[in-house]
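Asks: Below is the structure I would like to discuss, written out as structure tokens.
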Amino acid sequence: MDTKIWIQLDGQRQGPFTLEQLPSTGIRPETPIWYEGLPDWTMACNAPLTAQIFYGGPSAFGPRTSYNQQQPYNGFGRDNSQQPMPPCPPSYLAWAILTTICCCLPLGIVSIIYSSQVSSRYMANDYAGAVRASERAQLWLILSIVCGLLSAPLAYMTGFTKMLFWL
């Protein structure tokens with residue numbers, strides 16, 4: 001007994017078709033299909049019965065995504081299969097550590113915190129979040145440098161540096 005397969009082309013359900021009839025319908029790997037035994041509409045390349053049309057056998061990696069599941073999101077509102085993500089924004093981590101040691105400890109720590117969030121957000125496909133963290137790390141880095149440059153002459157004039165050398 002042949003399995004009856006329904007497909008969805010141009011937003012309309014069509015079928016039933018047999019497995020032998022499917023190639024003549026214009027089915028593509030991302031075409032939604034359903035047949036008895038599938039829990040929900042699935043892309044044709046992911047269904048065990050129809051994967052052989054595209055790959056010459058059942059999918060070795062199992063189902064990739066269901067038709068009704070949300071596609072991966074890369075922060076731009078496009079799914080990752082259409083556009084690659086841009087390169088990771090700069091994290092400024094080395095500069096943040098350097099300014100924390102040399103310039104201004106409290107502001108440098110904030111810069112380190114934001115710097116450490118850049119790569120983790122990028123790896124989570126949150127490009128917009130990675131850019132925000134990078135921009136904030138840069139802002140706190142600049143504030144730390146400015147604070148350190150402004151406080152150095154003030155410390156020298158008040159004699160604070162002399163006290164440090166006597167300790």
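Asks: Please give, to one decimal in nm, the separation of the simple spin-label points placed at residue 10 and residue 150, each 7 Å out from Cα toward the Cβ.
Replies: Calculated label separation equals 6.7 nm.
Asks: Follow-up. For residue 9, what residues show an amide H to amide H distance below 5 Å, using hydrogens built from the backbone and excluding near sequence neighbours?
Replies: Under 5 Å from the amide H of residue 9: 14.
Asks: If the chain between residue 20 and residue 109 were fully stretched, how many nm would it gain, using 0.36 nm times the residue separation less the Cα-Cα distance? Don't skip to the end; give the middle numbers.
Replies: Values: separation 89, 0.36 × 89 = 32.04 nm, distance 6.47 nm.
Contour length minus Cα-Cα distance gives 25.6 nm.
Asks: Quick check: at a probe of 1.4 Å, how many percent of the accessible area of the range 1-50 sits on carbon and sulfur atoms?
Replies: Working: 1540 of 3010 Å².
Solvent-exposed carbon and sulfur of the range 1-50 make up 51 percent of the total.
The values are calculated or read from the model by the stated rules, or taken from the named source; none is laboratory data. No experiment lies behind these values; they were computed from the predicted model shown. Here the Cβ is made from the backbone with ideal geometry for all residues, glycine too, and neighbour counts use every protein chain on show. Side chains are part of the model used for accessible areas, which takes the heavy atoms of the whole protein and leaves out ligands, DNA and RNA. Shrake-Rupley method; radii C 1.70, N 1.55, O 1.52, S 1.80 Å.
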